[in-house]
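Chemist: Following this message is one structure expressed as structure tokens.
A short reminder: the numbers here are calculations on the coordinates, not readings from a lab. Predicted model, so just to flag it, every value in this text is computed and none were measured. Every residue, glycine among them, receives a Cβ derived from its backbone with ideal geometry; neighbour counts consider all protein chains shown.
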Amino acid sequence: MSLTLIRPDDWHVHLRDEAMLRAVLPDTARRFARAIVMPNLKSPVRTVAEARAYRDRILAARPAGSAFEPLMTLYLTDNTPVTEIERARASGFVHAVKYYPAGATTHSDFGVTSLERCDDALAAMEAVGVPLLVHGEVTDPAVDVFDREAVFIDRILQRVVARFPRLKIVLEHVTTRDGVEFVAAAPATVAATLTAHHLLLNRNAMFQGGIRPHAYCLPVLKRERHREALMAAATSGSPKFFLGTDSAPHARRTKEAACGCAGLYTAHAGIELYAEAFKAAGVLERLEGFASLHGPAFYGLAANRERITLIDDSWPVPDEIDLASAGIADTLVPFRAGGRVGFRIADTGV
Ligand code: NCD
Ligand code: ZN
């Protein structure tokens, strides 16, 4: 059995930089025509000039013959000036601004301390039509890790949606029933991305027979009733929900550590894993809307013209991916390492 669909886009990915960028980009470029590239480099991408330089590095790292298009984002800070938002809009290659609460996740030290400080920037984004991408977790240490998304919606997101009614907002990598219910009930300006790993796993995966650092990401995996709500949202056909892998590579030694990094690497099976999830729900025919149509419609972009074919046929995932050839003396442990993925992509020669 096979399924042909419009070539998908990834609306949330971490491509990193330098050696890691060269190691991971081919996986994303093979599957996706475009991707919204997260700006949380060690020194975050805060200006259009930095986004242009990063975009050039990504284009230079593309495999030969690839037409992959990186859609760049800026990293919002307490001090992002209105002029930078206007410059972003005029650039033609910056497509969104990303909000990380300070300290919420990998490389978020420069993040926003209080979103009220950014009201001028948000007003400018609303006025010129630049979407706000939200890492929706509070960082208050008094809030339980598993409740941080729901509390974020109550304390922060609701105010932003009410105050900026024309601002496009994406609640990135939504992980809870509370999150999908909020997005579903919100105005059409509010959407959400969903990762494959949050569709396929619940939090038990982090503790299967011991502590599993390769199942640790942020927002952290949640309990089964939340996973079920995410699956229902993804497969509902609602244009508010679309694909964002949040593939976030970290070298093995930085994950298998006393304080391991958050992030799962899924780009090697970036569309195939979603096909598994949609097949499990019995609605494979809805994958194209979720993966290839809803995202471009929200961002005001045309859908891709090319098509890809997914074949319902499993393949073995390696135990680890070599990084030495890219110049990193370590390996990358991919999602489902040592196991199998249930769909494969027909070779397109790219
Ligand atoms: C991401 C990363 O490593 O950059 N990690 C993750 O667990 N998803 C950051 C993020 O998106 O929170
Ligand atoms: Zn992310």
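Chemist: Grab every C-alpha pair in the range 2-308, bin the distances at 10 angstrom width from 0 up to the longest one, and report whole percents.
Modeler: Percent of Cα pairs in each bin: 6, 29, 39, 23, 3, 0.
Chemist: Between beta-carbons, use under 11 Å as the cut-off and find the net charge around ALA191, counting Lys and Arg +1, Asp and Glu -1.
Modeler: Net charge in that neighbourhood comes out at +1.
Chemist: When the chain is fully extended, how far beyond the present Cα-Cα distance does ALA257 get from ALA346, taking 0.36 nm per residue of separation?
Modeler: Working it through step by step, the gained length comes to 28.3 nm.
Chemist: Further question on the same structure: What FRET efficiency, computed as 1/(1 + (r/R0)^6) with R0 = 56 Å and r the Cβ-Cβ distance, is obtained for VAL143 and ALA67, rounded to the nearest 0.05?
Modeler: After rounding to 0.05, the efficiency reads 0.80.
Chemist: Place the peptides 23-29, 139-145, 157-163 in order of packing, highest mean first, counting for every residue the other Cβ atoms within 10 Å and averaging per peptide.
Modeler: 23-29, 157-163, 139-145
Chemist: Just order 92-100, 316-324 by mean Cβ neighbour count inside 10 Å, highest at the front, would you?
Modeler: Ranked from most to least packed, the peptides come out as 92-100, 316-324.
Chemist: Also, quick follow-up: Looking at this model, which pairs from LYS168/LYS279; LYS255/LYS279; LYS42/LYS240; LYS98/LYS222; LYS98/LYS255; LYS168/LYS255 are more than 29 angstrom apart at the alpha-carbon?
Modeler: In this structure, LYS168/LYS279; LYS255/LYS279; LYS42/LYS240; LYS168/LYS255 lie more than 29 Å apart at Cα.
Chemist: I want to check the label-to-label distance for ALA60 and SER2. Put each point 7 Å from Cα in the C-beta direction and report it in nm to one decimal.
Modeler: 3.8
Chemist: Run the simple label-point estimate for GLU86 and SER114 please: 7 Å along Cα→C-beta, distance reported in nm.
Modeler: In this crude spin-label approximation the distance works out to 2.7 nm.
Chemist: Using per-residue counts of other Cβ atoms within 10 Å, averaged over each peptide, order 257-264, 60-67, 170-177 from highest down.
Modeler: Highest to lowest by the protection proxy: 170-177, 257-264, 60-67.
Chemist: Less than 19 Å from a label point 7 Å out along the Cα-to-Cβ axis of GLU320: which backbone N atoms in the range 236-263 qualify, by residue?
Modeler: The answer is 248-263.
Chemist: Pop a pseudo-label 7 angstrom from the Cα along the beta-carbon direction at both ASP313 and SER43 and give the gap in nm to one decimal.
Modeler: Each label point lies 7 Å from its Cα, and together they span 4.7 nm.
Chemist: While we're looking at this one, here's another question. Give a quick list of trypsin sites (Lys or Arg not before Pro) in the range 246-350 that DSSP marks as loop, anything other than H, G, I, E or B, with at most 13 other Cβ atoms within 10 Å.
Modeler: ARG305
Chemist: How far is the Cα center of the range 88-165 from the Cα center of the range 219-244, in Å?
Modeler: Centre-to-centre (Cα) distance: 20 Å.
Chemist: Given H placed on each backbone N at 1.01 Å, which residues far from ILE345 in sequence or on other chains put an amide H within less than 5 Å of it?
Modeler: ILE311
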